[in-house]
Amino acid sequence: MGSAAGQARQPDSAPVVPGKLVHLEPLANGIHFTTANGFVEEVTALRDDVLRVRISRSNQLPEDVSWDVLPESHKASVATVNQDSADAVGFRTAKLHVEIARSDARLTVRDADGNMVQQDAKPPVFEDAAFRIFKASPRDEHYFGLGDKTGPLDRRGHAFSMWNTDAYRFQESTDPIYKDIPFFMAYRAGTAVGVFLDNTWRSSFDFGVESASSYSFGAVAGPLDYYILLGPSPHEVVETYAWLTGKPPMPPLWMLGFQQSRYSYTPEAKLMEIATRLRADRIPADALYLDIDFQDRHRPFTVDKAAFPDLAKTLATLHAMQFHVVAITDLHIAYAPNQGYAPYDNGTAGDHFVHRKDGSVYVGSVWPGPSVFPDFTQAKTRDWWGSLYNNFTQMGLDGFWNDMNEPSVFDSPTATIEENALHRIDELGFVERSVTHAEIHNVYGMENSRATYDGLRKLEPDTRPFVLTRASYAGGQRYAATWTGDNSSTWNHLRMTAPMLKNLGLSGFSFAGADAGGFAGTATSELLTKWLEIAAFHPIDRDHTEKGTGDQEPWAGGPEQENIRRGFIEERYRLMPYLYTLAEETSRTGLPMMRPLFLDYPEATRDKHPIDIDPGVEGEFLLGHDLLIAPSPYPEAPDAYTVEFPSAGWYDLWTGDRVPRPAPDEHPDPNAPASAASRVPLNANVQPSLQALPVYVRAGAILPMAPLVQSTEETPQGPLTLRVYAGDDCRGSLYTDDGKSYAYTRGDFLRMNFTCTVNDGVMQVGISKHQGTFVPWWKEIRVEVYGWKPTQSKVMRDGSETNLVLRQQANHFDLTLPDSGNGAVLSLR
């Protein structure tokens, strides 16, 4: 994000475009030029597959800084080769060819083979301080990302505003909502390219509303600074975006457990009642939440002593029951002069609050009443904010929930801080200056979670923080997990959840969830059951609802519903080795845990369109590469539906049976719409029921699973299970560590890889040697084989005969062997 200085001008009578190129300056990593209308433009290569485009109406580019791009990526550079012609100037890298038209500065990007990657539909346009970029949009191109915007997964045919907003009871057409992430992926025929607009002002994206042949993006002010990320695969785009803006840090293991919350579990007796019931009913759970009512008069960083006379003692009791407790800390501070409220007093003494233009402190009404707002663009203010958590961490709170940080202001006409309020930028690498809230608004919530995360890292250096934020921006995944905000207890909101979480994952936020059961209103028993079934396969599984609604804990509605819900939560805990392995993959690569199908299977359909846009498929999602969850597209309806698979081989998780190929239609209707069979290699018809959720495993997957526990603090008893699903590309992996500390950065982790092949009737299963020094909980490994039958029930290990027994079970064969840590090659015949 740079300064708008040098860009804002006196109002023009008409929009202004660059005009023809008049002065060229080749750079070692690109090109710099000026145009007839006084524009300055610079196109540079950060890597062979990453371009940066900067344009200014003045005679100089704005301050070259960013709140979101990592410093090392921001400074990255790769040598380029000039490549000019009579009509264009440009350069090439090993993977890209760049052309800028001499006549009007339009940009064209091709790959090394000459295929079109991206092309300006018309020149950039400035109108006063505002700007807009226009790109050609082929009819078969689709767009994904922008965070958890509502509406369909595919952004084509829709337009969006980027302005963080408290959107209580948002609906399918509500825009904007809580987070704004100005990054998207353009996807066409199996090939992807990413675009990231690095501008913190109010911005907008139009994917074919104004013009069916082009898409556009721009902002009301600030720098015209955007990045082009060549794939060509969707995976590569997502990983490159993570290289640019950062990866989520490795979370504590307990984050992946079931989390129970509501507004509010107050007083202490109510919180203990919930904890006791979860354990008595043997519903696995790891976290409980304290919403705003645990505080004294809703003032952040306080405790209501009447409701919680000794919070530290309560937390110690809950820790003994193997619960972690997350407390809300809204970002506003109660305006309470001369009342002994320490956060206000020392915040005022340190000059840590946002000001009005007249120099007075900005005051707005939120939960505590009149409130002031920390000036998070000052490094010293973030340090001060982080220090406020000291008392809470000393008490034993395990995680923190930054809510209301769009920021939400109840008595403001705009429902947020007024746009001309002043922030002071005092940040390493930035020019010190005062700026209006209009420039800072979209990064304000991210800087709040940054201050929380960094503060916790200082207070407890060897404990992984858990921070949950409602508002954020690009790069915010480096500091916090998130959720989709104040949704509603309706079937439609359950249906909306999958597209929102999939687009969040594509936008950097892998660790995300939605309020299971819905926040606003009371869920029916059937809705709550189905939502908890599906949420068991989300990255974050949190049941939460608002004050004044009916009970929404897993036992609400009676024993029959509770038993169904418990079963799905239990399955989540059995899958914990797989989930934690996915979390580590996210922290290492940026690939999300919950994914659209096209991300891993860009060639799933016969014409390579993204499979997720097919009718009824939008609600399907991948959990990692190997699990496909396929709820009904209309979960409240009893109608049968078709599941489309992104490849030809899949197994039913619950039965272990291979999904059969459907019989061909003997009398096809030539006038009927294209069938699933004509689009994808495999499909299946499903008759939905309340107690069932179709979940499938990729043929070729090797799935690590654990014995059931009641929390991630409990040590599993029994062997590690490897479920081997016979098929092509047979592989799997496992990662584990202590789940709490940073010892893994010092080598105290365990990584294993698994493979299988079948040749001449012999299945060979490879179990790698342990990598790392961490000692796991298991001593034995049970190998379960699905979709393959032995002829002799013999087992050889590393080429030698063994006394291992290959046992036939109802739907698989299995054997158990000691795990010495040295690895093994098993030959089954």
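The values are calculated or read from the model by the stated rules, or taken from the named source; none is laboratory data. Remember, predicted model here, so these are calculated numbers, not experimental data. Counting neighbours? That spans all protein chains shown, and the Cβs are built from the backbone with ideal geometry, glycine included. These accessible areas exclude ligands, DNA and RNA; they are computed on the full protein's heavy atoms, side chains included. Shrake-Rupley method; radii C 1.70, N 1.55, O 1.52, S 1.80 Å.
Things to note:
- Matching strands (runs of 3 or more DSSP E) fully within segment 744-801 where at least 3 residues are charged (D, E, K, R) and either over 30 Å from PRO461 (Cβ atoms) or in contact (Cβ under 8 Å) with a residue 12 or more places away in the chain (or both): 780-786
- Test: residue in segment 251-260 that is in a helix (DSSP H, G or I) and of a type outside the set (A, V, I, L, M): yes
- Scanning segment 223-239 finds no residues that are part of a helix (DSSP H, G or I), free of Cβ contacts under 8 Å to residues at least 60 places away in the same chain and open to solvent by 10 Å² or more (accessible area, probe 1.4 Å).
- Test for LEU622: is it surrounded by 21 or more Cβ atoms within 10 Å (Cβ to Cβ), closer than 30 Å to PRO252 by Cα and touching a His at 6+ places or on another chain (Cβ under 7 Å): no
- Pick from segment 501-533, criterion open to solvent by 10 Å² or more (accessible area, probe 1.4 Å) and in a helix (DSSP H, G or I), ranking: nearest to ILE629 (Cα to Cα): LYS530
- Single match in GLY718, GLY739 (criterion: open to solvent by less than 10 Å² (accessible area, probe 1.4 Å) and in a loop (DSSP other than H, G, I, E, B)): GLY739
- When GLU419 is tested against the conditions (1) crowded, with 18+ Cβ neighbours inside 10 Å; (2) without any contact (Cβ under 8 Å) to a residue 24 or more places away in the chain; (3) in contact with a Ser or Thr (Cβ under 7 Å, 6 or more places away or on another chain), the lone failure is (1).
- Residue in segment 595-618 that is open to solvent by less than 20 Å² (accessible area, probe 1.4 Å), among the basic types (Lys, Arg) and either in contact (Cβ under 8 Å) with a residue 60 or more places away in the chain or closer than 19 Å to LEU504 by Cβ (or both) present: yes
- Members of segment 29-46 found to be part of a strand (DSSP E or B), over 14 Å from PRO124 (Cα atoms) and without any contact (Cβ under 8 Å) to a residue 60 or more places away in the chain, listed by number: HIS32, THR44, ALA45
- If the condition is being in a loop (DSSP other than H, G, I, E, B), open to solvent by 60 Å² or more (accessible area, probe 1.4 Å) and among the small types (Gly, Ala, Ser), then segment 311-351 contributes only GLY340.
- Of all residues in segment 656-711, those satisfying the criterion of being among the β-branched types (Val, Ile, Thr), outside any loop (DSSP other than H, G, I, E, B) and either closer than 15 Å to LEU627 by Cβ or modelled with pLDDT under 90 (or both) are VAL695, VAL697, ILE702.
- Among residues of segment 196-220 that are modelled with pLDDT under 95, none has a Cβ under 9 angstrom from a residue that is open to solvent by less than 10 Å² (accessible area, probe 1.4 Å) and of a type in the set (Asp, Glu) at a sequence gap of 6+ or on a separate chain.
- The conditions of being farther than 28 Å from GLU546 by Cα, at pLDDT 95 or above and either surrounded by fewer than 23 Cβ atoms within 10 Å (Cβ to Cβ) or touching a helix residue (DSSP H, G or I) at 6+ places or on another chain (Cβ under 6 Å) (or both) are not met by GLY429.
- Any strands (runs of 3 or more DSSP E) falling wholly within segment 390-440 and containing at least 2 residues that are of a type in the set (A, V, I, L, M, F, W, C): 399-402, 422-425
- Selected residue [more than 30 Å from LEU271 (Cβ to Cβ) and of a type outside the set (Lys, Arg)] from LEU597, LEU527: LEU597
- Reported count of residues in segment 55-79, each being open to solvent by 20 Å² or more (accessible area, probe 1.4 Å), charged (D, E, K, R) and in contact (Cβ under 8 Å) with a residue 24 or more places away in the chain, is 2.
- Scanning segment 802-816 for residues that are within 27 Å of ARG751 (Cα to Cα) and in a loop (DSSP other than H, G, I, E, B), we see that the one that is modelled with the lowest pLDDT is VAL805.
- Being of a type outside the set (Gly, Ala, Ser) and touching an Asp or Glu at 6+ places or on another chain (Cβ under 7 Å) is a description that applies to HIS812.
- Among the residues of segment 431-482, those identified as among the aromatic types (Phe, Trp, Tyr) and over 18 Å from SER203 (Cα atoms) are TYR453, PHE466, TYR479.
- Which numbered condition HIS142 fails, given (1) over 30 Å from HIS493 (Cα atoms); (2) touching a His at 6+ places or on another chain (Cβ under 8 Å): (1)
- Verdict on PRO370 being crowded, with 20+ Cβ neighbours inside 10 Å and over 30 Å from GLY567 (Cβ atoms): no
- Screening segment 328-339 for residues that are touching an Asp or Glu at 6+ places or on another chain (Cβ under 9 Å) and aliphatic (A, V, I, L, M) and picking the one that is farthest from GLY369 (Cα to Cα) gives ILE328.
- Note on segment 85-104: residues that are among the charged types (D, E, K, R) and surrounded by fewer than 17 Cβ atoms within 10 Å (Cβ to Cβ) amount to 1.
- Among the residues listed as ASP286, ASP296, the single one being surrounded by fewer than 19 Cβ atoms within 10 Å (Cβ to Cβ) and of a type in the set (Asp, Glu): ASP296
- With respect to the conditions (1) surrounded by fewer than 15 Cβ atoms within 10 Å (Cβ to Cβ); (2) closer than 21 Å to GLU239 by Cα; (3) not hydrophobic (A, V, I, L, M, F, W, C), ASN82 lacks only one, and its number is (2).
- Any pair with Cβ under 7 angstrom, 6 or more apart, that starts in segment 388-410 at a residue that is more than 14 Å from THR329 (Cα to Cα) and small (Gly, Ala, Ser) and ends at one that is open to solvent by 20 Å² or more (accessible area, probe 1.4 Å) and part of a helix (DSSP H, G or I): GLY396/ALA312; GLY396/ALA316; GLY396/HIS319
- Residue match in segment 562-577 (condition: part of a loop (DSSP other than H, G, I, E, B), on the phi < 0 side of the Ramachandran plot and open to solvent by 10 Å² or more (accessible area, probe 1.4 Å)): no
- Consider segment 817-829 and keep the residues that are free of Cβ contacts under 8 Å to residues at least 40 places away in the same chain and in a strand (DSSP E or B). The one that is nearest to VAL758 (Cα to Cα) is LEU817.
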